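Structure first, commentary second.
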Amino acid sequence: IGDLSPTGQSALLRVPQEHRFRRVGGSEDLSSDFRLVAATHRELDPESASSGFRPDLYFRIAVFELVLPPLRERIQDVPLLVGHFLERLGRSELTTEPEAMDALTEYGWPGNVRELENAVRRAVVTARDRIQLRDLPRRVREGGRSDATHAARGGRRPGGEQLLDLQAVERRTIEAAMRVTQGNRTEAARRLGIGRTTLYRKLERYGLDG
């Protein structure tokens, strides 16, 4: 909705307030009991004229807001999303080598989840029994962490100040996998692309085996 033209915004203005609208080419108003759900990739600032969005419309539609952070700010979701996409593609038997998973979690994902899905699709085409680094798109293999990724993780580029503790990221990822699989360690290990023994060792290390 953030890309709606000024004319479209004006036309929509009274719809959420009165639940009335007029069809294109129509001559009379119609009423409807509906719930409006809108999404935008832009920051809609009702106090800024430069945003190009009408404040009166904003305050009529912004009843309950949900903010979905970009993938670079929830990088711990990458292993789970990879497993989800593999299942959807009918290749759930594929595992991901640690080197490939490192590249996936270190990339900045400017295209968010859709870019990750396309990367998994590309990997499925060339992978055999497991996804290796060579199966990933070149930009992912060579991209590394973007500035945005470092900022989201509280770290900075090499040159060097402090980076986020990678063990903290790993722990959160394992916790998420165990939560999604309802404690099924075999399934959690498969989705994370690691062996069961490795998972058991990490669960013990982080005190998650209780």
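Taken together, the values in this text are just the output of simple stated rules run on the coordinates, not laboratory data. Not measured: the values here are computed from a predicted model. All Cβ positions, even for glycine, are placed from backbone atoms using ideal geometry, and neighbour counts span all protein chains on display.
Between the listed residues 107, 67, 53, the Cα displaced farthest toward the positive end of the dipole of the chain, a dipole computed from Cβ unit charges relative to the Cα centre, is found at 107. Say we join alpha carbon atoms closer than 10 Å with springs in a Gaussian network model of the chain; which of 107, 200, 58 then has the biggest fluctuation? Highest fluctuation among the options: 58. Placing +1 on the Cβ of every Lys and Arg and -1 on the Cβ of every Asp and Glu, with no other charges, gives the chain a dipole of roughly 600 debye about its Cα centre. Of 15, 37, 94, whose Cα points farthest to the positive end of the dipole of region 1-125 (charges on the beta-carbon: +1 Lys, Arg; -1 Asp, Glu; origin at the Cα centre)? Final value for the positive-end residue is 15.
Normalising the Debye intensity of region 1-100 to I(0), with uniform scatterers on Cα atoms only, and taking log10 at q = 0.13, 0.20, 0.21, 0.24 Å⁻¹ returns -0.69, -1.03, -1.10, -1.32. Just so you know, the Rg over Rh for region 74-146 is 0.91, from Cα atoms, with Rh as the Kirkwood radius.
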